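Below is one structure, written out as structure tokens; the observations come after it.
The values are calculated or read from the model by the stated rules, or taken from the named source; none is laboratory data. None of these values were measured; they are calculated from a predicted model. Cβ placement follows ideal geometry from the backbone for every residue including glycine, while neighbour counts extend to all protein chains displayed. Side chains are part of the model used for accessible areas, which takes the heavy atoms of the whole protein and leaves out ligands, DNA and RNA. Shrake-Rupley method; radii C 1.70, N 1.55, O 1.52, S 1.80 Å.
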Amino acid sequence: MHTVDLISRRINTLVKLAERKDGVFLTDLRKEYRADLQNFIVGETLGVRDGKVIIGRNTYKRWLQKIKTCGFDYDVKFI
């Protein structure tokens, strides 16, 4: 698969997670994105469901907006 296509698909997967009504579990994200999201949510109020950290929709959407405007804080290997 071409690298550009792979990047597009993986970013699209992140966008689709934002459509969940209940929020996003940290474990729903690929491992390479977690460090960036964890850095972003420091100080945010989070919930726990079924023993897993859940990020609210608004917080998650703000993180996606940050990625679109400023990029990732950490190197992300898409391959």
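Quick look at the numbers
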{"read-out": "Degrees between helix 31-40 axis and first principal axis of the chain (Cα, 0 to 90, nearest 10)", "value": "50 degrees"}
{"read-out": "Accessible surface of the chain [probe 1.4 Å, protein heavy atoms]: carbon and sulfur percent", "value": "50 percent"}
{"read-out": "Accessible surface, the chain, averaged per residue in Å² (probe 1.4 Å)", "value": "69 Å²"}
{"read-out": "Reported label for calculated percent of Cα pairs over 16 Å apart given (1) 50; (2) 60; (3) 74", "value": "(1)"}
{"read-out": "Label-point gap, in nm, between R49 and D73 - each point 7 angstrom along Cα→Cβ", "value": "2.5 nm"}
{"read-out": "Over the chain: helical MRE at 222 nm, DSSP H runs n ≥ 4 each giving -39500 (n - 2.57), nearest 500", "value": "-15500 deg cm²/dmol"}
{"read-out": "FRET efficiency estimate (nearest 0.05) - Cβ-Cβ, N58 to R34, R0 22 angstrom", "value": "0.70"}
